[in-house]
Amino acid sequence: MKEKHGHAPWHRIIAVLLALVFVAAACGGDDGDAGGDGGDGGETTTTASEPERSPVKGGELIFGTESDVATLAPGEAAQPSDKLITLGIYDTLTTYVDGKVEPYLAESLEGNDELTQYTVGLREGVMFQDDTPLNAEAVVKHFDRLKDPATACPCKTSIDNIESMEMPDGPEGLTVVFNLAVPNVAFPDLLAGSSGYIESPTAVANGLNLKTDGVGTGPFILDEFVAGERTVLVANPNYWQKDENGIQLPYLDKLTIRPIPDSGQRLSALETGEIDIFQSADSATVKQGEEAGFAAQKISGSSSTILLFNMSKPPFDDVRARQAVAYSVDKDLINDRAYDGSRVPSYSGFALDSPYYNPDAGTPQYDPDKARELVEELGGLDFELICIPTPESELITNIVKQLGEEVGMNIDLKYEEQGTYVNRIFSKGGEYEAGCFRSAHFIEPDAIRPGLTTDDAGNLTFYSNEEVDQLLDEARQTTDFDTRKEKYDRVQEITGEEVPLITTLYDLFGNVYDESRVGPPPPGEPNSLGAIKPGLLYATGG
């Protein structure tokens, strides 16, 4: 029987997939005692309840972000600052309503029983910000561009599953049929990430640099972009969407985004009125903001701070080196020193309340004796750990360094600005030994596939295991929960032993704001921790 996307969910599995999965961690949990938090599934990491909103039209706001823009390109934008801006410029083909995937820029989405063909019906009358009409040809050109090797999109492996596209009503029609090479239950979720941002084909044909500019169908027009200083978005007067009360979106007339990498400076800017709201993954800064009298939207989920290993070269091409680091990391100590015990240690890429979480996967837990034994067996372990230069990351990496050196390792620390660092890792040049990152926030388990599949563009650790490849392929070809659960459990067991990366503590992301100037932010996007749709932000005074 065919299922349709209208106002009903795609299937009973709530689905969320990042178009760009950093390396959605698949290291399974363990039912041992990691300070009481290590994995009985009893704790939750889901989004907190949202305060009541009373949106009004008009006004301007200034939003402080964690970092400068890495890229605004569809299919590539992933970090929080990029997502904030691109969710203003673009609309995704699907989105999430109450945790369920729904059509958005698409008006309908229908899949066949075999999960090999999906038919998208576009909204009628939607225009790009350069007055180009949204039609089937625009969508086909978008996905052709992502598939083009010259684009070098980290999403390419996922997009390559689109074997062909048809326009049954012609290029100017509103219907696109996607024919997949391999069945994929999660295809609708792919369209909800940045791979589902549809850019103007006219702008692309005229040479638009999508990494620093953008023309979409979204609620805002990109008015100004000055790298390292500001991005200015102004309301799109021809935007297609109104809210449930009939108010034309976006609510704001103008939104200015200012990158402020230092979390303390972000808080100071809010206190002095230089900005109205800021984002932060630094729990201490969120707490300080609340203590200063500001409101905070706090969100947690499957995302965690992780340590990546480059498995393509020494020393981490040897599983003993990866296991040694894993056994040396005391997550409870990091939690106490960095977060006053406010976070939950993570032993899995899945949230503790995910039905796919495997508490019996055997992921290494803190055991300095085992770590020391492995280091001695290796004849020593020297490596460079690279991360971004925030007070939080510097504290955590120094703890990791201290713990490692206590068991005989020699760890050099290096720091790079976030945008530069993201580009280094995603270049796939292998120019790192170990790095820190923030793993993907997701619900749909297929989200772990890019980070673990051999030669996938999203596989940043160069991990390769034929059994894992097969399990992940099989898991996306069925809607049966029990079958999928069995396969993902096995994946977690394998990666728990092979340790391509280490999850440390589940993230707590905050949007901190001045209630006298900003209304409560909209709910966070389920497929990107802390990201919100800026078209739904509003100023309290209008």
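The values are calculated or read from the model by the stated rules, or taken from the named source; none is laboratory data. These figures come from a predicted structure and were not determined experimentally. Note: ideal-geometry Cβ built from the backbone for every residue, glycine included; neighbour counts use all protein chains shown.
Quickly run through segment 199-255 and pick out the residues that are in contact (Cβ under 8 Å) with a residue 60 or more places away in the chain, in contact with a strand residue (DSSP E or B) (Cβ under 7 Å, 6 or more places away or on another chain) and among the hydrophobic types (A, V, I, L, M, F, W, C).
Matches in segment 199-255: Phe220, Ile221, Leu222, Phe225, Leu233, Leu249, Leu252, Leu255.
So, in segment 67-86, how many residues would count as being modelled with pLDDT of 95 or more, not hydrophobic (A, V, I, L, M, F, W, C) and not in a loop (DSSP other than H, G, I, E, B)?
1
Taking only segment 497-510 into account, find how many residues are at negative phi and outside any strand (DSSP E or B).
Result for segment 497-510: 3.
I'm trying to understand the selection: among the residues of segment 289-311, which are outside any loop (DSSP other than H, G, I, E, B) and not hydrophobic (A, V, I, L, M, F, W, C)?
Gly289, Glu290, Glu291, Gln297, Lys298, Ser300, Gly301, Ser302, Ser303, Ser304, Thr305
Kindly state which helices (runs of 4 or more DSSP H) lie completely within segment 104-216 and contain at least 1 residues that are surrounded by fewer than 21 Cβ atoms within 10 Å (Cβ to Cβ).
Where helices (runs of 4 or more DSSP H) fall fully within segment 104-216 and carry at least 1 residues being surrounded by fewer than 21 Cβ atoms within 10 Å (Cβ to Cβ), they are 136-147, 156-159, 201-205.
Would you mind finding the one in Ala531, Ala475 that is without any contact (Cβ under 8 Å) to a residue 60 or more places away in the chain, crowded, with 22+ Cβ neighbours inside 10 Å and not acidic (Asp, Glu)?
Ala475
Where residues in segment 217-228 are assigned to a loop (DSSP other than H, G, I, E, B) and at pLDDT 95 or above, which of them is farthest from Pro259 (Cα to Cα)?
Residue satisfying both the conditions and the ranking: Thr217.
Which residue is farthest from the chain's Cα centre (by Cα), if the candidates are limited to segment 476-496 and must be assigned to a helix (DSSP H, G or I) and among the polar types (S, T, N, Q)?
Ranking the qualifying residues of segment 476-496, first place goes to Thr483.
If the Cβ limit is 7 Å and pairs must be 6+ apart or interchain, which residue in segment 126-154 that is within 17 Å of Tyr104 (Cβ to Cβ) pairs with which residue that is assigned to a helix (DSSP H, G or I) and of a type in the set (A, V, I, L, M)?
Close Cβ pairs satisfying both conditions: Phe143/Ile159.
Being among the acidic types (Asp, Glu), in a loop (DSSP other than H, G, I, E, B), at pLDDT 85 or above and out of contact with any strand residue (DSSP E or B) (no Cβ under 9 Å at 6 or more places or on another chain) narrows it down to one residue among Asp446, Asp473, Asp456, Asp469; which is it?
Every option except Asp456 fails the conditions.
With (1) crowded, with 16+ Cβ neighbours inside 10 Å; (2) part of a loop (DSSP other than H, G, I, E, B); (3) modelled with pLDDT under 95 as the list, and Tyr463 as the residue in question, which single condition is left unmet?
Tyr463 satisfies all of (1) crowded, with 16+ Cβ neighbours inside 10 Å; (2) part of a loop (DSSP other than H, G, I, E, B); (3) modelled with pLDDT under 95 except (3).
In this structure, is Tyr251 crowded, with 22+ Cβ neighbours inside 10 Å, aromatic (Phe, Trp, Tyr) and not in a helix (DSSP H, G or I)?
yes
Here's a check for you: in segment 254-288, which residue that is assigned to a loop (DSSP other than H, G, I, E, B) and aliphatic (A, V, I, L, M) is modelled with the lowest pLDDT?
Checked segment 254-288; the qualifying residue modelled with the lowest pLDDT is Ala281.
Working only within segment 340-377, note down all residues that are modelled with pLDDT under 90, buried (at least 17 other Cβ atoms within 10 Å of the Cβ) and hydroxyl-bearing (Ser, Thr, Tyr).
Ser348, Ser354
Cβ-Cβ under 8 Å, sequence separation 6+ or interchain: first residue in segment 390-415 and under 16 Å from Asp336 (Cβ atoms) and in contact (Cβ under 8 Å) with a residue 12 or more places away in the chain, partner basic (Lys, Arg) and part of a strand (DSSP E or B). Which pairs?
Short answer, once both residue conditions are applied: none.
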